[in-house]
Structure formats: structure tokens, C-alpha cells
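The values are calculated or read from the model by the stated rules, or taken from the named source; none is laboratory data. Bear in mind the structure is a predicted one, so any value in this text is a computation, not a measurement. Methodologically, a virtual Cβ is constructed for each residue, glycine included, from the backbone with ideal geometry; neighbour enumeration extends over all protein chains shown.
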Amino acid sequence: MRIYQAIESLWDFMQLHHTPRVSDCIVVFCSNDTRVAQIAATLYHQEIAPKILFSGGLGRFTQDHFDRPEADIFADIAKSLGVPSGDILIENASTNSGENVAFSAQLLQSKMPNATRFTLVQKPFMERRAYATFEKQWPAPYQALHVVSQGGSFLDYLDSDVFTSSFVINAVLEDFERVKAYPTLGFLTEQVIPDNVDLAYQTLLNRFPRN
């Protein structure tokens with residue numbers, strides 16, 4: 001399998017290609033990619049949901065680069081794009097996806113106890129893990145769940161001065177490894193991994209060995 005074919009195969013698998021649907025709350029797993037905040041603001045203005053919850057403290061990719069919690073920075077971006085402060089909830093203590101889910105659930109239980117339909121927003125290659133983590137760890141019944149991102153191809157995502165191809169490929173490999181390993185640890189739901197996707201992973205691993 002050629003390298004570019006392998007990248008796009010794995011990239012496509014990590015996305016779920018959901019269509020945004022009306023929900024009670026947009027839940028954003030914050031990160032080092034502030035474009036995600038712009039996507040959440042767009043969904044809000046499209047009336048996908050009346051509230052946005054930004055979840056994220058300082059993680060391994062942001063603790064040395066952000067001077068404030070991820071959620072605070074994302075919230076400011078949303079406000080600058082016209083989202084009213086009163087429609088924004090902030091959870092700024094979480095440091096990983098499991099905490100994103102757990103701490104967001106605690107906040108919504110207090111602020112929006114009747115919310116049962118959720119739109120998750122993430123980076124494209126983290127769609128699947130965010131969805132599977134929510135499925136496994138959300139502590140209350142819910143009616144509907146879908147996940148969206150900016151979508152597109154690997155090359156589309158690199159249309160930025162911030163992310164180099166090698167950095168993103170390594171991040172995708174790490175996320176895929178979590179998708180494979182975390183179900184047995186009880187962190188997320190089991191995912192069916194097609195043979196061609198596993199082959200793509202092995203191809204990239206040979207080209208970009210893990211440190």
C-alpha cells in the first residue's frame with residue numbers, strides 16, 4: 001500500500017461522516033486546533049443546538065503553548081464569532097477524553113439536566129475516539145449522539161501553518177492505537193477495524209516509527 005493511500009485510508013476511518021442534526025447541546029472536546037471552535041460557532045448559528053459546552057483544560061499538546069485552559073480560549077473564539085456568552089458553558093479542568101466526558105456530564109447535570117441529544121465536535125481524526133468514549137463513559141441515558149468536524153481529506157487538514165504532516169500523521173497513529181487498545185481497558189466502545197485500515201496503519205508505522 002502506498003504511503004498517501006495509507007494516510008487517506010486511516011484518515012477516512014477515523015471519521016464517522018455524520019450529518020449535523022438538531023440537538024440539545026454542542027459538546028466540544030477542545031485541543032490544540034482552534035479551528036474546532038469556529039466549527040462549533042458555525043453549528044450554533046445554524047441552530048443545531050442552543051448551547052455550546054467547551055471542555056478542556058491544558059493537555060499534553062497545549063500545556064506548553066497555551067497560556068490559559070483550552071476551553072477558555074475556544075469560548076473566546078466563539079464569542080468573537082457572535083455566540084452570546086449566555087449560551088456558552090465552560091469546563092476547563094479536563095486533561096483527556098475520559099475527563100472531557102465525565103466533567104461535561106457533571107456540568108450539564110447541573111446546568112441542563114434535561115439534555116439528551118448531543119452533537120460532539122472534534123478534529124477530523126479524533127471523531128471516532130470521541131464518539132466511542134462518549135458512548136462508553138457518559139453516565140446517563142441519552143437519546144441521540146453524533147459527531148462532526150471540519151471533515152475533508154488529510155491534505156485539506158494541512159491547510160494551516162500550524163500543523164506539519166509528520167506531526168499530524170503521528171497524532172493519527174496515536175489516536176488509532178487508542179481506538180484499538182482502549183476498549184479492553186473499559187475506556188471506549190469496541191470498534192470494528194477493517195483489514196485495509198489495519199494494513200494502512202502498519203504501512204504508516206513502518207514509514208513513521210513510533211518513538
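Yes/no matrix, rows are residues, columns are (1) over 19 Å from the mean Cα position of the chain (by Cα); (2) surrounded by fewer than 15 Cβ atoms within 10 Å (Cβ to Cβ); (3) modelled with pLDDT of 95 or more:
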{"residue": "160", "(1), (2), (3)": "no, yes, no"}
{"residue": "170", "(1), (2), (3)": "no, no, no"}
{"residue": "175", "(1), (2), (3)": "no, no, yes"}
{"residue": "178", "(1), (2), (3)": "no, no, yes"}
{"residue": "187", "(1), (2), (3)": "no, no, yes"}
{"residue": "190", "(1), (2), (3)": "no, yes, yes"}
{"residue": "204", "(1), (2), (3)": "yes, no, no"}
{"residue": "210", "(1), (2), (3)": "yes, yes, no"}
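Checked against (1) buried (at least 22 other Cβ atoms within 10 Å of the Cβ); (2) closer than 12 Å to residue 27 by Cα, residue 126 passes all but a single condition, namely (2). Every condition in (1) assigned to a loop (DSSP other than H, G, I, E, B); (2) at pLDDT 95 or above; (3) acidic (Asp, Glu); (4) closer than 30 Å to residue 198 by Cα holds for residue 12 except the one numbered (1). Candidates 149, 165: the one that is surrounded by 13 or more Cβ atoms within 10 Å (Cβ to Cβ) and out of contact with any helix residue (DSSP H, G or I) (no Cβ under 6 Å at 6 or more places or on another chain) is 165. When 49, 115, 93, 41 are screened for being over 30 Å from residue 7 (Cβ atoms) and within 17 Å of the chain's Cα centre (by Cα), only 93 passes. For region 76-107, how many residues meet the condition of being touching a Leu at 6+ places or on another chain (Cβ under 8 Å), farther than 24 Å from residue 189 by Cβ and not β-branched (Val, Ile, Thr)? Total meeting the criteria: 1. Starting from region 1-12, keep only residues that are within 13 Å of residue 156 (Cβ to Cβ) and in contact (Cβ under 8 Å) with a residue 24 or more places away in the chain, then list their pairs with residues that are aliphatic (A, V, I, L, M) and not in a loop (DSSP other than H, G, I, E, B) whose Cβ atoms are within a distance under 8 Å, requiring at least 6 positions of separation or different chains. Cβ pairs passing all conditions: 7/169; 7/172; 7/200; 7/204; 11/172. Within region 32-48, if we keep just the residues that are of a type in the set (Val, Ile, Thr) and in a helix (DSSP H, G or I), the residue that is farthest from residue 122 (Cα to Cα) turns out to be 42. One residue stands out in region 55-72 among those that are small (Gly, Ala, Ser), part of a loop (DSSP other than H, G, I, E, B) and out of contact with any helix residue (DSSP H, G or I) (no Cβ under 6 Å at 6 or more places or on another chain): the one that is modelled with the highest pLDDT, namely 57.
Annotation note: of 90, 52, 77, the sole residue that is surrounded by 21 or more Cβ atoms within 10 Å (Cβ to Cβ) and either more than 19 Å from residue 151 (Cα to Cα) or at pLDDT 95 or above (or both) is 52.
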